[in-house]
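Since every read-out is calculated from the coordinates, none of them should be taken as a lab result. For clarity, every value in this text was computed on a predicted model and none was experimentally measured. All Cβ positions, even for glycine, are placed from backbone atoms using ideal geometry, and neighbour counts span all protein chains on display.
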Amino acid sequence: MVIVKRKELTLAERLYIPEVLRGLRITLGKMFQPKSTRQYPEEPIPSTEVTRGQPRLAENEDGTLRCVSCGMCEIACPAYAITIDGHEIDRPIEREPERFEIDFLRCILCGFCEEACPKEAIWMSDELELADTTRKGLIYGIEKLKRPASALQKRIDYVKRINDRWRTFSST
């Protein structure tokens with residue numbers, strides 16, 4: 001038979017006084033620190049070129065989409081949030097999406113679609129706000145996803161600069 005010897009608790013320990021005092025000390029310390037309140041939405045969330053917001057489809061200067069409906073972004077999406085139906089066209093590009101949808105209720109903003117795209121047609125924008133009153137409103141079609149490539153240029157330049165770092169590293 002094993003006898004376990006237990007420590008006798010003091011009255012303060014039985015009433016949790018040390019824990020309460022420690023909690024009060026932390027609370028009082030935080031009370032007098034400077035506040036970090038953002039007046040949202042009047043004061044927008046700051047974004048940089050590294051910010052990975054919602055994916056967007058890049059448009060060429062003539063208004064045509066860069067997307068060729070290859071489906072690589074759909075395959076790369078771990079959340080199965082992208083749906084593409086392509087059709088053939090008369091331009092030399094031969095295909096473009098007839099339907100391109102991203103379900104933002106599923107999208108985890110991972111950026112795999114941006115990495116998988118061989119035609120640099122889909123980019124993560126700096127748009128962060130995502131709200132709607134219905135579930136259907138959060139399924140974005142081509143018209144909601146289209147952005148001129150110039151609007152996404154900050155992100156495009158950043159990704160190219162990061163990727164060029166590895167190209168120059170491997171060539172030395």
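If I build a Gaussian network model for the chain, linking alpha-carbon pairs within less than 10 angstrom, which residue out of Val50, Val159, Val20 has the largest mean-square fluctuation?
Per the Cα network of the chain with a 10 Å cutoff, Val20 tops the list.
Of Pro78, Pro44, Pro34, which has the largest mean-square fluctuation in a 10 Å C-alpha GNM of the chain?
Result for the chain, Cα springs under 10 Å: Pro34 fluctuates most.
Of the listed values (1) 45, 35, 26; (2) 86, 53, 49; (3) 47, 42, 23, identify the label whose number matches Cα extents along the principal axes in Å calculated from this model.
Step by step, Cα extents along the principal axes in Å for this structure corresponds to label (2).
Residue by residue, what Karplus-based ³J(HN,Hα) values in Hz, rounded to whole numbers, does region 46-63 have, using 6.51, -1.76 and 1.60 with θ = phi - 60° and x for Gly and Pro?
3J(HN,Hα) across region 46-63, in whole Hz: x, 9, 10, 5, 7, 4, 10, x, 7, x, 9, 8, 7, 9, 6, 5, 7, x.
What is the angle, in °, between the Cα long axis of helix 17-31 and the longest principal axis of the Cα atoms in the chain? Nearest 10 is fine, range 0 to 90.
Here the helix axis deviates by roughly 40 degrees.
What is the Cα convex hull volume of region 1-83 when expressed per residue in Å³?
With only Cα atoms used, region 1-83 gives 316 Å³ per residue.
In degrees between 0 and 90, to the nearest 10, how far off the longest principal axis of the chain does helix 153-171 point, with axes built from Cα atoms?
Tilt relative to the chain: about 90 degrees.
Going by how many other beta carbons lie within 10 Å of each one, how would you line up Cys110, Cys67, fewest first?
Result, fewest neighbours first: Cys110, Cys67.
Given the options Gly141, Gly86, Gly29, state which has the largest fluctuation in a GNM of the chain using a 10 Å cut-off (strictly under) for Cα springs.
Of Gly141, Gly86, Gly29, the Gaussian network model singles out Gly29 as fluctuating most.
Treat every Asp and Glu Cβ in region 55-165 as -1 and every Lys and Arg Cβ as +1, leave all other atoms uncharged, and give the resulting dipole magnitude about the Cα centre to the nearest 20 debye.
340
Which length gain, in nm to one decimal place, applies between Trp166 and Glu13 when the Cα-Cα distance is subtracted from 0.36 nm times their residue separation?
On the way: separation 153, 0.36 × 153 = 55.08 nm, distance 5.86 nm.
That works out to 49.2 nm of additional length.
What ranking do Tyr158, Tyr140, Tyr80 get, fewest neighbouring Cβ atoms within 10 angstrom at the top?
Tyr80, Tyr158, Tyr140
Sticking with the crude label model, points 7 Å out along Cα→Cβ, report the distance from Arg22 to Ile3 in nm, one decimal please.
In this crude label model, Arg22 to Ile3 measures out at 3.1 nm.
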